[in-house]
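First up is the structure itself, then whatever we jot down about it.
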Amino acid sequence: QVQLVESGGGLVQPGESLRLSCAASGSIDSIYTMGWYRQAPGNERELVATITISGSTNYAVSVKDRFTISRDSAGKTVYLQMNGLKPEDTAVYYCHAQIRQRLHISSYNDWGQGTQVTVSS
């Protein structure tokens, strides 16, 4: 079994910062791409940022230059540093990982349970 456990959400005022973390644990052989997605009420889930196993990153236009995605050296924890938060960043943020488990040939997509980020004055 594999688990993705997120932390770091909360309520902040516009302009403030938050750091989200997502740690993967369990019978893992490799984690390829990791990333963050978000879903606001009434909206579809959208990509925020991704990072590959080699460290290449990709950002949504709306967060570029404000958010930074990174991974730890073991490659099993992904972070999202969010600076200059705006009310429109309010959403549930989900961690995503493309995982290959031990003794498995193919990879699959896994999701965390989500963490609420609310930006309001």
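With the requirement that a residue be part of a strand (DSSP E or B) and of a type outside the set (Val, Ile, Thr), what does segment 5-19 give you? Answer for segment 5-19, where residues must be part of a strand (DSSP E or B) and of a type outside the set (Val, Ile, Thr): Glu6, Ser7, Gly10, Leu11, Leu18, Arg19. Within segment 41-84, if we keep just the residues that are touching a residue at least 40 places away in the same chain (Cβ under 8 Å), part of a loop (DSSP other than H, G, I, E, B) and under 15 Å from the mean Cα position of the chain (by Cα), the residue that is farthest from Gln116 (Cα to Cα) turns out to be Gly75. On inspection, Asp110 fails the criterion of being charged (D, E, K, R), over 21 Å from Leu11 (Cβ atoms) and loosely packed, with under 14 Cβ neighbours inside 10 Å. Flag: Thr90 does not match the condition of being within 23 Å of Gly10 (Cβ to Cβ), under 14 Å from the mean Cα position of the chain (by Cα) and without any contact (Cβ under 8 Å) to a residue 60 or more places away in the chain. Could you tell me whether any residue of segment 60-76 is surrounded by fewer than 18 Cβ atoms within 10 Å (Cβ to Cβ), at pLDDT 95 or above, touching a strand residue (DSSP E or B) at 6+ places or on another chain (Cβ under 7 Å) and small (Gly, Ala, Ser)? Among the residues of segment 60-76, at least one is surrounded by fewer than 18 Cβ atoms within 10 Å (Cβ to Cβ), at pLDDT 95 or above, touching a strand residue (DSSP E or B) at 6+ places or on another chain (Cβ under 7 Å) and small (Gly, Ala, Ser), which makes the answer yes. Restricting attention to segment 7-35, the residues that are under 11 Å from the mean Cα position of the chain (by Cα), in contact (Cβ under 8 Å) with a residue 60 or more places away in the chain and within 18 Å of Ser73 (Cα to Cα) total 6.
Can Ile105 be described as without any contact (Cβ under 8 Å) to a residue 60 or more places away in the chain, closer than 13 Å to Ala24 by Cβ and open to solvent by 80 Å² or more (accessible area, probe 1.4 Å)? When the stated conditions are applied, Ile105 does not pass them.
Of the set (1) of a type outside the set (Phe, Trp, Tyr); (2) open to solvent by less than 20 Å² (accessible area, probe 1.4 Å); (3) in contact with a Gly (Cβ under 7 Å, 6 or more places away or on another chain), all apply to Met82 but (3). Within segment 40-49, at least one residue is touching a Phe, Trp or Tyr at 6+ places or on another chain (Cβ under 9 Å), farther than 20 Å from Val12 by Cα and open to solvent by less than 70 Å² (accessible area, probe 1.4 Å).
The values are calculated or read from the model by the stated rules, or taken from the named source; none is laboratory data. Computed from a predicted structure; not experimentally measured. Glycine gets a Cβ as well: all are built from the backbone with ideal geometry, and neighbour counts include every protein chain shown. Quick note on the areas: whole protein, heavy atoms, side chains included, nothing else; ligands and nucleic acids left out. Shrake-Rupley method; radii C 1.70, N 1.55, O 1.52, S 1.80 Å.
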